[in-house]
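Engineer: Quick one: the structure is below, and I'll ask about it shortly.
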Amino acid sequence: MTSEQYPKNYLYKRIVQAKLFIDQNYADKIDIDNISDEAYFSKFHFIRLFKKIYGKTPHQYLSAVRIQNAIRLLQANHPVTDVCYAVGFESLSSFGSLFKRVVGSTPSGFLEAQQQRKMQVQNKPFRFIPGCFAHQFGWHKK
Amino acid sequence: MINKLVFATVYVLNQASAYYFYVNKLGFKVHTNAPIGKDNRWLTVTPPDQPEIEISLLLVTEGEMFTKESVKAVTELIRKGTFGHGGFECNDIYATYEELKSKGVEFAQAPKEEFYGVAAVFKDDSGNWFSLTQKAKQS
C-alpha cells in the first residue's frame with residue numbers, strides 16, 4: 001500500500017476495531033461471524049485481511065490473547081482454575097494443553113515459578129538490577 | 001567482542017504512568033519490577049516479540065546520579081521531546097498507527113514513505129520519541 005492509497009484507511013480501521021474488540025472481550029464467548037459482521041466484511045474477506053495484517057487468523061489471535069492474559073493473571077498470583085475461566089476457556093483441559101503448547105510448561109508449573117521469582121524480586125531486588133546502575137545511582141545504600 | 005544488546009535505558013517522568021503506557025498502550029511485557037527504596041523501581045519491559053531485550057524505564061530523581069539542578073534540566077528536556085531513544089518495527093504500520101492512535105498515543109509524524117520502508121514517529125507519555133517502521137519488502 002502506498003501513502004496515496006492511505007485515505008482508504010476505513011479498511012484498516014475496521015480490522016483494527018475488530019482486533020481491539022478481541023483484546024477487550026477475549027473473556028467472553030466470541031463468535032468470529034459476529035466480529036466480521038461488525039466489521040462489515042464477509043467472513044472470508046475478514047479472515048483474509050486480518051491474517052494479512054496480524055499474521056494470525058482471528059481465532060488464532062483470540063487464543064493467543066487468552067494465553068497472554070492467562071500469563072498476566074498467573075503472574076499476579078491468581079489460581080489456575082480462576083484464570084482458566086477468567087480468560088474465556090471452557091475447560092481446564094483445553095486451557096492446560098494450549099497453555100503448555102504455547103508457554104512450554106503447565107499453568108500450575110508456571111504459577112509456581114512466577115511465585116518464586118516474584119518473592120526473590122521482592123526480597124532481593126538487587127539480584128535483578130545491573131550492579132553498575134545500582135552503584136551509579138547509589139541505590140545499594142538504600 | 002561485544003555480542004548483543006541486553007538492555008537500554010529510557011528516562012521517564014513517572015514510572016506508574018510509564019508502566020501503563022508501555023504495557024497497556026504499546027502492548028509490551030513487564031520483565032522485572034523490583035523495588036528500590038520507597039518511591040523508585042527497577043522497571044523493565046520488553047517488546048512483545050523480543051523478550052531478550054529489556055527497556056529500563058528509569059526515573060529521573062535526585063541522588064548520586066542527578067543533582068537537583070540536573071533533575072530539573074533533564075525533566076524539562078524530556079518534556080520538550082528532546083530525546084529520541086530508538087526505533088521499533090512492526091509488521092503493518094497503518095494498522096499499528098490506527099490502533100495506537102485509538103489508544104491516545106501521540107504521533108509526531110504519521111506514516112510516511114521512506115527509501116527503507118514506511119516510518120512514523122510517536123511519543124511516550126513522558127515525551128520521549130521513537131520511530132516506528134514497517135520495512136520495505138526486499139525485492
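Engineer: Let me know the mean shielding of B:34-42 by other chains, meaning the per-residue number of their Cβ atoms within 10 Å of its Cβ. Don't jump to the answer; show the numbers that get you there.
Structural biologist: Working: counts 9, 4, 9, 5, 1, 0, 3, 2, 10.
Mean partner-chain Cβ count within 10 Å for B:34-42: 5.
Engineer: Please report, in cubic angstrom per residue, the volume enclosed by the convex hull of the alpha-carbon atoms of chain B. Could you put the intermediate results ahead of the total?
Structural biologist: Values: hull volume 19.5 nm³, N = 139.
Measuring per residue, one finds 141 Å³ for the Cα hull of chain B.
Engineer: Gain in length, A:Lys29 to A:Leu92, computed as 0.36 nm per residue apart minus the alpha-carbon separation, to one decimal in nm?
Structural biologist: Values: separation 63, 0.36 × 63 = 22.68 nm, distance 1.57 nm.
Gain in length upon complete extension: 21.1 nm.
Engineer: FRET efficiency for A:Asn123 and A:His59, Cβ-Cβ distance as r, R0 = 45 Å, nearest 0.05?
Structural biologist: Values: r = 42 Å, r/R0 = 0.93.
For R0 = 45 Å, the calculated efficiency reads 0.60.
Engineer: To the nearest 10 degrees, how steeply does helix A:43-54 sit against the main Cα axis of chain A, on a 0 to 90 scale?
Structural biologist: Here the helix axis deviates by roughly 40 degrees.
Engineer: Shape call for the protein assembly as shown from the C-alpha gyration tensor, a ≥ b ≥ c root eigenvalues: rounded (a/c under 1.5), prolate (a/b greater than b/c) or oblate? It would help to have the intermediate numbers written out before the result.
Structural biologist: Numbers: a/c = 2.25, a/b = 1.22, b/c = 1.84.
Note, shape of the protein assembly as shown comes out oblate.
Engineer: What full-extension length gain, to one decimal in nm, is calculated for B:Ser70 and B:Lys123 as 0.36 nm per residue of separation minus the Cα-Cα distance? The partial results should precede the final answer.
Structural biologist: Details: separation 53, 0.36 × 53 = 19.08 nm, distance 2.22 nm.
So the extension gain works out to 16.9 nm.
Engineer: Here's something else I'd like to know. In peptide A:47-55, what is the residue-averaged number of other protein chain Cβ atoms found within 10 Å of each Cβ? Show your work: numbers first, answer last.
Structural biologist: Working: counts 0, 0, 1, 1, 0, 3, 5, 3, 2.
Shielding by partners across A:47-55 averages 2.
Engineer: Next question. Taking amide hydrogens as modeled 1.01 Å from N in the peptide plane, which residues meet the under 5 Å criterion relative to B:Glu54, leaving out close sequence neighbours?
Structural biologist: Result for B:Glu54 returns B:Phe7, B:Ala8.
Engineer: Sticking with this one: Set the Förster distance to 30 Å, then compute FRET efficiency between B:Asn91 and A:Asn77 from the Cβ-Cβ distance, nearest 0.05.
Structural biologist: Numbers: r = 33 Å, r/R0 = 1.10.
Step by step, r from the Cβ atoms, then E = 0.35.
Engineer: Hey, what did chain A get for relative contact order, percent, Cα under 8 Å, at least 6 apart?
Structural biologist: On the way: 95 pairs, mean separation 24.1, N = 142.
Dividing the mean separation by the residue count of chain A yields 17 percent.
Engineer: Please report the net charge: other residues with Cβ closer than 12 Å to the Cβ of B:Ser70, K and R +1, D and E -1. Before the final figure, lay out each step's value.
Structural biologist: Working: positive: B:Lys68, B:Lys72; negative: B:Glu62, B:Glu64, B:Glu69, B:Glu76.
Here the charged neighbours net out to -2.
Engineer: Between the helical axis of A:92-103 and the dominant principal axis of chain A, each derived from Cα atoms, what acute angle in degrees is found, rounded to the nearest 10?
Structural biologist: Computed tilt is about 80 degrees.
Engineer: Please give the helix B:93-102 orientation as an angle from the longest Cα principal axis of chain B, in degrees from 0 to 90, rounded to the nearest 10.
Structural biologist: Result, in degrees: 50.
Engineer: Something else now. Could you put B:His31, A:His78, A:His140 in order, starting from the residue whose Cβ has the fewest other Cβ atoms within 10 Å? It would help to have the intermediate numbers written out before the result.
Structural biologist: Details: B:His31 18, A:His78 15, A:His140 12.
Ordered by Cβ neighbours within 10 Å, fewest first: A:His140, A:His78, B:His31.
Engineer: While we're looking at this one, here's another question. Over the Cα atoms of the stretch A:94-142, what radius of gyration and what Dmax do you get, in Å?
Structural biologist: 16.3, 49
Engineer: If you don't mind, there's one more thing I want to ask. Counting only C-alpha contacts under 8 Å and six or more residues apart, can you give the relative contact order of the stretch B:1-79 as a whole percent? Present the calculation step by step, with values, prior to reporting the outcome.
Structural biologist: Working: 112 pairs, mean separation 24.9, N = 79.
Taking the mean separation of contacting Cα pairs over the length of the stretch B:1-79, I get 32 percent.
Engineer: Continuing with the same structure: How large is ³J(HN,Hα) for each residue in the stretch B:104-118, as worked out from phi by the Karplus curve 6.51 cos²θ - 1.76 cosθ + 1.60 (θ = phi - 60°), to whole Hz, x for Gly and Pro?
Structural biologist: With coefficients 6.51, -1.76 and 1.60, one gets x, 6, 8, 10, 7, 8, 6, x, 9, 6, 10, 5, 9, x, 10 Hz.
Engineer: In nanometres, what is the gap between the two model label sites at B:Asp39 and B:Lys135, each 7 Å from Cα along Cα-to-Cβ?
Structural biologist: 4.3 nm
Engineer: Please give the residues of the stretch A:93-109, grouped as numeric ranges, whose backbone N is less than 15 Å from a label point set 7 Å along the Cα-to-Cβ vector of A:Gln115.
Structural biologist: Only A:106-109 fall inside the zone, counting backbone N under 15 Å.
Engineer: Going by amide H atoms built from the backbone, whose H comes under 5 Å of the H on B:Val12, apart from near neighbours?
Structural biologist: The list, which skips near neighbours in sequence, is B:Leu58, B:Leu59, B:Val60.
Engineer: May I ask you to order B:70-79, A:117-126 by the average number of other C-beta atoms within 10 Å around their residues, highest value first? Write down the numbers at each step before the final one.
Structural biologist: Numbers: B:70-79: 14.4, A:117-126: 12.9.
By packing density, highest mean first, the sequence is B:70-79, A:117-126.
Where a number appears in this text, it was derived from the coordinates with a stated rule and is not lab data. Please read these numbers as outputs of a predicted model, since none were measured by experiment. Every residue, glycine among them, receives a Cβ derived from its backbone with ideal geometry; neighbour counts consider all protein chains shown.
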